[in-house]
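Reading through the structure tokens given below for one structure.
Read-outs throughout are calculated quantities, based only on the coordinates presented, and are distinct from any laboratory measurement. On a predicted model such as this, the values are computed, not experimentally measured, just so you know. Reconstructed Cβ throughout: ideal geometry from the backbone, glycine too, with neighbour counts over all protein chains shown.
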């Protein structure tokens, strides 16, 4: 793990406070989440106490302190999605995965996150799995979409959206 | 390819000095090629913005390539940005040599082969066509409507979005061929920074991020501030849930933003610029990075731009997901590596901003307007619009409307025109209820005010604001109390927690709204009294938050409640007095029942019900036990006979 972050630190030699957020972002990219060890290491690199770093990291929605599931599900709760019924979609996803927002399923297959808006309002309601957008989702199609990720190695079908 | 080197191409466009006839012809040919005034072989354009990809453009692209490989057709495939008609995505254009370019709608992977079969054979399939581009140099298709006559595009005035979905955003030369970077050259060669500020002020351009402060005036503050280093920040932290125009502009025409930033930086005397962009927009970040690298490689950014002695370094900073960072001082703190919390103003950032230096923060759309302002001059820009609002405004039209997407209209256009002409009205024969403008800081516009103009001042008269441009249409199935609750939930989560009115007040407001949308069976003890007591305070609480919060976001936080209270008081009253939701949207206030005539007794709903509230024997009509029902609606989804009714 140490070596992972060394690579990040090398990109920010003699870094000052303003490099903190980019370093946290890259560390999360490398590790999938911000572990305690990572936060302490970043503190050493920047000469900042870990408390300050937690202060910043917990302020922003982007940072996670727990590992992600193999499939990361984001449910958009923007205004357009809300008007088109994303509350029901969110309930359906929770029922299907049996986890709440911010949690990871016990088998490590899925983690669930609610995002404020992913900027695809024209296609609402939208969910995003591993960076793939699924547009015009209905409570009925949720299970099918999620199952397409559950089956290992199965190709996912983009036509879902239509 | 014997491409003409860029500075040469640019200087040729700007100066127009054909050295000798052969070179001039070569330039003209190259220009025509870049503008797609005729293509040497069939060219296929795929709209590959985030919206397009979400609708399946990636699969379409693969299917198109597969078709071309299988049929051994020589054709160019170009990835363009988003034309803005999201509901018709994926959009694919086909242009044949000598003919005009034709747009086709909803070309999913399945339709790729039939489309190419027809289009490459020289016909235009009626069922897929959207319209053809207008180009005097090319032979038009007979009986095919023009794209600019399409009801979605006809009422629009596309200045900022002119190139979106038309050009390949990864090619700087295509932007130049359409007049790009010529305004920057003009600014650097002919104008003093003061003249640039004057021109922008005279044009009447106002901040498009929401506040609507005159841009030129703001720049002058920074110009006049003493400081060895000045900064320009482009605010691309589009936090308003329901707005996506900044993303689309950066994805589809990134060089317009880069050029706008260069003009702004020259005007205020900044040598360093930051783009603060949401991390949720990976494609936009990628395209912007590529555009910056191209601009720098061509001497349009970096050290000594085009030999003028002016420097500009642009740095991309990714936001980390905080709505409050749309506020200027919070954004500055975030770039400095701190918690994104606002601070009291003055001092304004134009005097003391990033790292204590004079800083100007402009929104993406504001900056993207600058090439237009410079190219046409201040007078030409201010011709369009109303007395106090000039130019155009881009809106992200979404929600319960037939055609969703990006819409750019002249200031002064009535909202009715946007919703009903451009958006095509409400689908499924439902009635219009309201449109939410300005996101969580804005307000809603009810049907009696649909004829109001898009204008900073007139929108304020009905309790709404221009905002960044989110326009969410709601129909009769949308509950306005629920919408207010949605926004309060959003705002209280996103409140930075620095000042008490916003931190505590928005949470209390949310609790009040939660109480009145809660079912009575969960009410215990004196909760009914509490509910009534809190309702009495809702309005005064909202006004207190508005008057006493620290930053703009806190001050506008109660707007969704104030606005819905003003126009839809009857809905609040129905929730409070009658314990019912007229739109049948608040889950706990909705009662479900089963139509005995339609129910076939298949037992699927009973199995799906998470609380066992559905009883009944197989093959005989079922019944819902109201006391047990939690209103989740899973029976509605489960029923194949539409026997479950909602009231």
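Give me the percent of Cα-Cα pairs in chain B that sit more than 36 Å apart, rounded to a whole number.
46 percent
What base-10 log of the normalised intensity I(q)/I(0) is obtained for segment B:377-528 from the Debye formula, alpha carbons as equal point scatterers, at q = 0.10, 0.14 Å⁻¹?
For segment B:377-528, the Cα-only Debye profile gives -0.45, -0.78.
What three numbers, in Å, describe the spread of the alpha carbons of segment B:172-383 along their principal axes, ordered from the longest?
Cα spread of segment B:172-383 along its principal axes, largest to smallest: 41, 37, 36 Å.
Considering only DSSP beta bridges with both partners in segment A:71-151, what is the antiparallel share in %, to the nearest 5?
Rounded to the nearest five, the antiparallel share is 55 percent.
So what's the angle, to the nearest 10 degrees on a 0 to 90 scale, between helix A:20-31 and the longest Cα principal axis of chain A?
Its long axis makes an angle of about 60 degrees.
Determine the equivalent ellipsoid of segment B:35-149 by diagonalising the alpha-carbon gyration tensor, then write out the semi-axes as square roots of 5 times the eigenvalues, largest first, rounded to whole Å.
Ellipsoid semi-axes (Å, largest first): 20, 17, 13.
How large is log10 I(q)/I(0) at q = 0.10, 0.18, 0.24 Å⁻¹ when the Debye formula is applied to the Cα atoms of segment A:71-151, each weighted equally and without solvent?
-0.19, -0.63, -1.14
With everything on Cα atoms, drop me the angle between helix B:364-376 and the longest principal axis of chain B, reported from 0 to 90° to the nearest 10.
40 degrees
Taking Rh as the Kirkwood radius computed over C-alpha pairs, what is the Stokes-Einstein D of segment B:511-647 at 37 °C in a medium of viscosity 0.692 mPa s, expressed in µm² per second?
190 µm²/s
For the pair residue B:611 and residue B:539, what calculated FRET efficiency results from E = 1/(1 + (r/R0)^6), where r is the Cβ-Cβ distance and R0 = 25 Å, to the nearest 0.05?
0.10
Label-point separation (nm) for residue B:121 and residue B:293, each offset 7 Å from Cα along Cα-to-Cβ?
Going from the residue B:121 label point to the residue B:293 one covers 4.3 nm.
Expressed as a whole percent, how much of the Cα-Cα distance distribution for segment B:87-133 exceeds 15 Å?
Counting pairs separated by more than 15 Å, the tail of P(r) holds 33 percent.
Sorted by mean Cβ packing within 10 Å, highest first, what order do the peptides B:556-566, A:109-119, B:301-311, A:91-101 take?
Per-residue mean Cβ counts within 10 Å order the peptides as B:556-566, A:109-119, A:91-101, B:301-311.
At R0 = 51 Å, how high is the FRET efficiency between residue B:602 and residue A:16 if r is their beta carbon distance? Nearest 0.05 is fine.
Result of the calculation: an efficiency of 0.15.
Output the 0 to 90 degree angle, nearest 10, between the alpha-carbon long axis of helix B:57-70 and the longest principal axis computed from the alpha carbons of chain B.
50 degrees
Using alpha-carbon pairs under 8 Å, 6+ residues apart, how would you state the relative contact order of segment B:235-335 in percent?
Relative contact order, segment B:235-335: 33 percent.
Where does each of A:45-55, A:19-29, B:33-43, B:165-175 land if you order them by average Cβ count within 10 Å, highest first?
Descending packing order for the listed peptides: B:165-175, A:19-29, B:33-43, A:45-55.
Label residue B:213 and residue B:139 with points 7 Å out from Cα along Cα→Cβ: what is the distance between them in nm?
With each label placed 7 Å out from Cα toward Cβ, I get 5.7 nm.
Could you work out the percent of alpha carbon pairs in segment A:2-59 separated by over 20 Å, rounded to a whole number?
Counting every Cα pair in segment A:2-59, those more than 20 Å apart make up 10 percent.
Rounded to whole Å, give me the distance from the Cα center of segment B:435-457 to that of segment A:1-77.
Computed from Cα coordinates, the inter-centre distance equals 41 Å.
What average count of beta carbons from other chains do you get within 10 Å of the Cβ of residues in B:335-343?
For peptide B:335-343, the averaged partner shielding equals 5.
At 0.36 nm per residue, minus the direct Cα-Cα distance, what do residue B:202 and residue B:66 gain on full extension? Give it in nm, one decimal, please.
Extra length from residue B:202 to residue B:66 when fully extended: 43.6 nm.
Based on the Cα atoms of the protein assembly as shown, what semi-axes does the equivalent ellipsoid have, where each is the square root of 5 times one gyration tensor eigenvalue, given in whole Å with the largest first?
After diagonalising the Cα gyration tensor, the semi-axes are 43, 34, 27 Å.
If we sort B:228-235, B:351-358, A:6-13, A:120-127 on the protection proxy, mean other Cβ atoms within 10 Å, highest first, what's the order?
A:120-127, B:228-235, B:351-358, A:6-13
For peptide B:89-95, how many partner chain Cβ atoms fall within 10 Å of a residue's Cβ, on average?
1
Assuming R0 = 30 Å, can you tell me the calculated FRET efficiency for the pair residue B:548 and residue B:224, based on Cβ-Cβ distance, to the nearest 0.05?
E(calc), rounded to 0.05, equals 0.40.
Per residue, what volume in Å³ does the Cα convex hull of segment B:481-578 take up?
Taking only Cα atoms, segment B:481-578 has a hull volume of 90 Å³ per residue.
P(r) of segment B:392-478 in 10 Å steps, Cα pairs, percent per bin?
Using 10 Å bins, I get a P(r) of 20, 60, 20, 1 for segment B:392-478.
For A:135-141, what's the mean count of beta carbons from other chains sitting within 10 Å of each residue's beta carbon?
Taking all residues of A:135-141 together, the mean is 3.
Report P(r) for chain A: all Cα-Cα distances, bin width 10 Å, range 0 to the bin holding the largest distance, values in whole percent.
Going out from 0 Å in 10 Å bins, chain A shows 10, 34, 27, 20, 8, 0 percent.
Using the basic label-point model (7 angstrom from Cα toward the beta carbon), what is the residue B:623 to residue B:79 distance in nanometres?
Label at residue B:623, label at residue B:79, 6.0 nm between them.
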